[in-house]
Amino acid sequence: MHAKLTELRRKLHQFPEVSGQEFKTAKRVQDFIHKNYPGELISQIGGPSFAVLYNFGTEGNTVAIRCELDALPIIEKNGFEYKSNFEGVSHKCGHDGHMAMVAGLVFWLKEQNFKKGRVVLVFQSAEETGKGAYEMLEDVKFKALNIDYIFALHNIPGVDLHTVITMKNGFSAEVESFVLKLSGLASHAAEPQNGINPTLGIAELTQELDKLNISNPNAENFQVLTPVHIRIGEANYGISPGEAELHYTIRTWSLKTMEQLKTQILNIINQISKQHQLKHEMNWLEHFPASENDLDCNSIIKDAAENLHFNIEERSYPFKFGEDFGWFSRHYKTGMFGLGSGLQTAPLHNPSYDFPDEIIPTGIAVFGEILKKTLEDR
């Protein structure tokens with residue numbers, strides 16, 4: 001089994017696809033499942049996403065195990081045989097490994113004899129852009145599954161292999177990004193007084209927004225604002241620019257804090273734009289809701305890890321990255337946990353990152369134990 005799943009994982013790594021374009025990836029995984037233990041295939045749920053249903057009886061819970069299909073627009077810096085065949089696209093978040101784990105559950109399911117319940121293996125598109133889970137939720141085919149629980153994991157570099165990472169509250173932060181467009185008036189560079197240059201406004205904005213940071217992760221009102229891109233005019237030395245853009249990503253632990261922060265940001269933008277006689281346009285994008293762990297689901301995850309004698313690390317606060325599993329948290333009982341992928345493994349989204357194949361059986365084992373608990377004990 002492990003040899004087959006390692007081969008699948010490396011093939012997925014070799015042929016990555018970016019968010020929303022994972023049709024060939026989906027077909028590759030579907031073919032693997034059909035060959036080894038076919039279930040009821042529900043394809044193209046809000047895009048390339050799909051699910052495979054295994055029915056053990058009309059009564060009992062319907063439990064979903066979810067993974068992601070997409071890769072990232074990152075140039076790979078590894079030289080191994082199965083490196084990405086596509087320049088500028090690579091699996092640098094480990095979704096290839098997550099797919100191998102969830103697809104590998106078919107070998108485990110094949111040996112089970114549950115008397116009730118249903119298992120849904122969910123392969124979700126476009127996690128990296130925050131769109132995939134939302135699009136699945138909007139599709140009537142997904143709603144018709146009537147899911148009771150959804151579980152997922154994410155590999156975590158920098159933590160010992162096979163360590164199960166839990167947290168009492170949520171798994172990941174509430175994250176949004178915005179693009180602010182500022183419009184003044186261009187003029188000759190020799191006569192900037194005849195125009196309205198947005199540069200001073202941009203400089204003041206970045207300083208005022210920086211004051212909103214509350215970087216202590218243990219604080220309930222934790223909030224981090226990160227400037228990621230600034231554009232002012234063009235590289236033309238005869239023109240004092242009249243246009244500018246400012247891009248930020250912001251994150252908090254909760255939707256409530258996020259809404260408060262957005263109000264603060266808009267107030268600052270309105271004030272400084274007026275002060276510098278600038279028109280402004282605000283666009284919000286890439287929303288990742290906080291992934292909230294249901295208390296019952298969190299207990300199930302911890303019990304599963306303990307029964308399997310895996311080391312458990314309990315965090316006092318969520319991970320700061322965005323994870324669109326949070327869309328599911330708004331509608332279902334959800335539980336997400338981390339799985340240590342090694343102290344020497346490169347960080348997520350690093351050009352040298354590669355998923356460690358040795359934790360594939362670990363993920364399958366924990367998911368299997370979770371399924372036992374949700375199908376047999378509840």
> Among (1) buried (at least 19 other Cβ atoms within 10 Å of the Cβ); (2) part of a helix (DSSP H, G or I), where does THR345 come up short?
Replying inline: (2)
> Do we find that VAL122 is aliphatic (A, V, I, L, M), under 18 Å from the mean Cα position of the chain (by Cα) and crowded, with 21+ Cβ neighbours inside 10 Å in this structure?
Replying inline: yes
> Considering only residues of segment 125-170 that are modelled with pLDDT under 95 and outside any loop (DSSP other than H, G, I, E, B), which is farthest from GLY322 (Cα to Cα)?
Replying inline: MET167
> Can you pull out the residues in segment 171-216 that are in contact with a strand residue (DSSP E or B) (Cβ under 8 Å, 6 or more places away or on another chain), over 30 Å from SER291 (Cβ atoms) and either part of a loop (DSSP other than H, G, I, E, B) or among the charged types (D, E, K, R) (or both)?
Replying inline: LYS181, GLY184, ALA186, ALA189, GLU191, GLY195, ASN197, PRO198
> Just to be sure, is GLU286 at pLDDT below 95, assigned to a loop (DSSP other than H, G, I, E, B) and under 21 Å from VAL179 (Cα atoms)?
Replying inline: no
> Of these, TYR353, TYR317, which one is within 20 Å of the chain's Cα centre (by Cα) and under 27 Å from ASN78 (Cβ atoms)?
Replying inline: TYR353
> Looking only at segment 65-110, which residues are in a loop (DSSP other than H, G, I, E, B) and aliphatic (A, V, I, L, M)?
Replying inline: LEU69, ILE74, ILE75, VAL89
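The values are calculated or read from the model by the stated rules, or taken from the named source; none is laboratory data. Since we're looking at a predicted model, the values are computed, not measured. Backbone-built Cβ (ideal geometry, glycine too); neighbour counts: all protein chains shown.
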